[in-house]
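Written out below as structure tokens is the structure these notes cover.
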Amino acid sequence: MYRGLPPGLPRNWQASRLGKATMLQDSFNRKFNYLRLSVTEVCNFKCNYCLPDGYECHSRASTLTLRQTKTLLQAFALAGTKKVRLTGGEPSLRKELPDIVALCKATSGIDSIALTSNGYHLKRKLPRLIEAGLSALNLSADSLNPYTFSQITGSNSLDEVLRCVDLAFELGLKKVKLNAVLLKQYNGKQLQQFLNFIKDKPVTFRFIELMRTHDNALYFNQQHMPGQGIRTILENEGWTLQPKAVDAGPALEFCHPDYAGQIGLIMPYSKDFCASCNRLRVSADGKLHLCLFGEANDDLTPWLDEDDAAGLATYLTQRVLKKWQGHQLHQGRSGLTKHLAMLGG
Ligand code: SAM
Ligand code: SF4
């Protein structure tokens with residue numbers, strides 16, 4: 001058993017074994033049944049809001065092995081996690097991705113396995129991922145204009161991403177979403193193009209407000225545009241806000257009777273955004289981040305190396321009590337997050 005207690009634990013903490021599944025709940029009564037797990041920091045794109053110079057390897061930290069990942073998943077499941085999203089960097093670059101999906105599938109309690117990807121070369125890999133148990137897919141498509149797409153991402157692969165959407169449906173995946181980061185001078189005036197796309201396609205296109213990170217402060221000042229402007233246009237054009245499920249995250253979803261698809265809005269700078277936070281994050285090297293923009297993380301590898309899922313589950317239930325009420329982005333503080341490829345967004 002790991003004996004050196006990580007910082008931040010209550011003094012009376014004991015690695016008592018959890019007999020049955022529990023629920024992660026923080027001191028603001030938020031419940032966490034959703035884990036975002038990064039499976040690699042490496043990326044092959046150069047999105048100008050994330051890795052404008054491409055991926056550069058700075059850390060020597062090693063990526064969790066399959067065995068460590070299995071223990072991690074068991075611990076989170078014991079602590080009530082029901083949904084896992086695999087992310088990165090670019091998760092499809094990890095050779096063992098189908099094995100990781102299969103591990104999620106084999107973990108009792110986890111009933112939703114999602115992937116967020118830039119879609120590159122995913123078409124070839126998708127059948128095996130779905131066979132392994134993948135149940136939901138989010139693809140990044142920051143613009144539907146091929147030129148704008150390549151300006152933003154440094155890649156000419158828009159067609160490939162869009163083919164992947166069709167393939168996902170053909171292969172029977174029910175939940176397919178597209179993500180676009182709102183960027184004033186790139187896709188900021190392309191709403192109509194996005195709307196045309198979802199007229200007959202039952203996908204949710206989600207607009208994510210650009211978040212300021214350590215590395216993109218100048219870019220943020222030039223490109224950030226609040227999602228509220230889009231919301232106003234949508235509501236004026238007959239789109240209605242969908243009621244949220246009790247355990248839903250912070251995204252707002254809108255639908256319209258004339259459209260097969262939906263629009264999602266993720267507005268991290270809006271009031272009370274953090275009140276519906278339902279997720280925890282683990283980096284590819286096994287660090288727990290209570291918040292995407294937190295000032296600290298916890299190394300979980302001591303429990304993973306000991307294969308101590310029950311001990312880790314107990315630790316998580318205690319540790320989550322330290323989660324802050326909200327991020328500090330309004331104060332210009334983005335914590336440890338240099339860019340979102342570090343943690344997976
Ligand atoms: N590489 C994959 C992809 O791009 O979909 C997964 C990792 S990426 C970090 C996850 C999501 O975070 C993507 O939808 C991406 O557009 C978004 N993202 C990255 N940096 C961001 C930022 N500074 N603000 C808002 N969203 C960001
Ligand atoms: Fe890579 Fe995703 Fe970051 Fe783009 S947003 S650079 S695809 S990690």
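The residue pairs whose first member lies in the range 28-53 and is without any contact (Cβ under 8 Å) to a residue 24 or more places away in the chain, whose second member is more than 9 Å from ligand 1 (Cβ to nearest atom), and whose beta carbons are closer than 9 Å, counting only pairs six or more residues apart or on different chains, are ASP53/LYS46. In the range 149-258, counting only strands (runs of 3 or more DSSP E) that sit wholly within it, the ones holding 3 or more residues that are within 11 Å of ligand 1 (Cβ to nearest atom) span 175-182, 204-209.
Residues in the range 81-99 that are farther than 14 Å from ILE130 by Cβ and either within 16 Å of ligand 2 (Cβ to nearest atom) or touching a strand residue (DSSP E or B) at 6+ places or on another chain (Cβ under 8 Å) (or both): THR81, LYS82, LYS83, VAL84, ARG85, THR87, GLY88, GLY89, GLU90, PRO91, LEU93, ARG94. Could you tell me which residue of the range 329-345 is farthest from ligand 1 (Cβ to nearest atom), considering only residues that are outside any loop (DSSP other than H, G, I, E, B) and modelled with pLDDT under 85? Residue satisfying both the conditions and the ranking: GLN331. When you scan the range 137-156, how many residues do you find that are among the small types (Gly, Ala, Ser), more than 10 Å from ligand 2 (Cβ to nearest atom) and under 25 Å from ILE113 (Cβ atoms)? Residues in the range 137-156 being among the small types (Gly, Ala, Ser), more than 10 Å from ligand 2 (Cβ to nearest atom) and under 25 Å from ILE113 (Cβ atoms): 1 in total. In the set VAL176, VAL181, only one residue is closer than 28 Å to CYS277 by Cβ and away from ligand 2 (no atom under 16 Å from the Cβ); that residue is VAL176.
The residues in the range 283-294 that are closer than 24 Å to LEU210 by Cβ and of a type outside the set (Gly, Ala, Ser) can be counted, and the count is 5. When ALA136, ALA114, ALA132 are checked against the criterion of being at pLDDT 95 or above and surrounded by fewer than 18 Cβ atoms within 10 Å (Cβ to Cβ), a single residue qualifies: ALA136.
Identification of strands (runs of 3 or more DSSP E) wholly contained in the range 262-305 with 1 or more residues that are among the basic types (Lys, Arg) yields 279-282, 287-289. Being away from ligand 2 (no atom under 16 Å from the Cβ), among the charged types (D, E, K, R) and either at pLDDT 95 or above or buried (at least 19 other Cβ atoms within 10 Å of the Cβ) (or both) holds for only one residue in GLU295, GLU237, and it is GLU237. Residue count for the range 178-209, restricted to those that are touching a strand residue (DSSP E or B) at 6+ places or on another chain (Cβ under 9 Å) and either surrounded by fewer than 16 Cβ atoms within 10 Å (Cβ to Cβ) or more than 13 Å from TYR259 (Cα to Cα) (or both): 14.
One residue stands out among those in the range 53-70 that are buried (at least 19 other Cβ atoms within 10 Å of the Cβ) and not in a helix (DSSP H, G or I): the one that is nearest to ligand 1 (Cβ to nearest atom), which is TYR55. No other residue among GLY227, GLY249, GLY332 is touching a strand residue (DSSP E or B) at 6+ places or on another chain (Cβ under 9 Å) and closer than 24 Å to LYS184 by Cβ apart from GLY227.
In the range 63-81, the residues that are aromatic (Phe, Trp, Tyr) reach residues that are assigned to a helix (DSSP H, G or I) with C-beta atoms within less than 9 angstrom, at least six apart or across chains, in these pairs: PHE76/ALA309; PHE76/LEU312; PHE76/ALA313; PHE76/LEU316. The single condition among (1) touching a residue at least 60 places away in the same chain (Cβ under 8 Å); (2) more than 16 Å from ligand 2 (Cβ to nearest atom); (3) not polar (S, T, N, Q) that ARG206 does not satisfy is (2). On the stretch given as the range 71-123, residues that are closer than 21 Å to GLY154 by Cβ, among the basic types (Lys, Arg) and either part of a strand (DSSP E or B) or away from ligand 1 (no atom under 14 Å from the Cβ) (or both) total 1.
Based on this model, can you work out whether GLN318 counts as assigned to a loop (DSSP other than H, G, I, E, B) and either over 16 Å from the mean Cα position of the chain (by Cα) or surrounded by fewer than 21 Cβ atoms within 10 Å (Cβ to Cβ) (or both)? Judged against the criteria, GLN318 is not a match.
The values are calculated or read from the model by the stated rules, or taken from the named source; none is laboratory data. As the structure is a computational prediction, the values presented were derived from the model and not from experiment. Methodologically, a virtual Cβ is constructed for each residue, glycine included, from the backbone with ideal geometry; neighbour enumeration extends over all protein chains shown.
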